[in-house]
Every structure is written in C-alpha cells, then in structure tokens.
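Take a look at the structure below.
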Amino acid sequence: MCSAKGCRAPAVWVLAWNNPKLHTPERRKTWLACDEHREHLSSFLGMRGFLKDVVELTEWERNSATDR
C-alpha cells in the first residue's frame, strides 16, 4: 500500500532512503508509492538529501529474494 498520507492505492514503487544523521551509510529505509504519489514522495526525500534509489516493487522483491 502507498505510503502517502491517506492513500490506499496499491504500491508500485519502492523509494529507498537513508537519513545520514541517524543511519549508517549502508542502511536503507523504504517507503512504498503508487504511480500517482511517486514523484511527490521522491521530491520530499530528495530535497532533504535522503533519497538513494527508486525501484519498481517487483524488482525490489526479486532482488530481495536473491539476497537471502
């Protein structure tokens, strides 16, 4: 489900981010986004210098499965 406030649309994107004041460089927190909110959430994280990567959810899941 999309992480945008009040949105209940299915997630399509994973926004991987990190707050360098709180997290080690390799740590990745994630927000999920629908097509409609991807740009908004990416901009929010990007303006703060937190955004590290935007990946389709299916690719993220596929990569996560191979990392195990």
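Here are some notes:
- Subset of segment 6-49 that is surrounded by 13 or more Cβ atoms within 10 Å (Cβ to Cβ) and touching a Pro at 6+ places or on another chain (Cβ under 8 Å) - its residue that is nearest to Ser64 (Cα to Cα): Asn18
- Residue in segment 19-41 that is under 16 Å from Leu57 (Cα atoms), modelled with pLDDT of 95 or more and of a type in the set (S, T, N, Q) present: yes
- Filtered residue count, segment 50-67, keeping only those that are at pLDDT below 95 and open to solvent by 80 Å² or more (accessible area, probe 1.4 Å): 4
- Taking segment 23-40 as the range and being closer than 20 Å to Pro10 by Cβ and out of contact with any Phe, Trp or Tyr (no Cβ under 6 Å at 6 or more places or on another chain) as the test, the residues that pass are Thr30, Trp31, Leu32, Cys34, Asp35, Glu36, His37, Glu39, His40.
The values are calculated or read from the model by the stated rules, or taken from the named source; none is laboratory data. The structure presented is a predicted model; accordingly, all values stated were derived computationally and were not measured. So basically every Cβ, Gly included, is an ideal-geometry build from the backbone, and we count neighbours across all protein chains shown. Note: areas computed on protein heavy atoms with side chains; ligands, DNA, RNA excluded. Shrake-Rupley method; radii C 1.70, N 1.55, O 1.52, S 1.80 Å.
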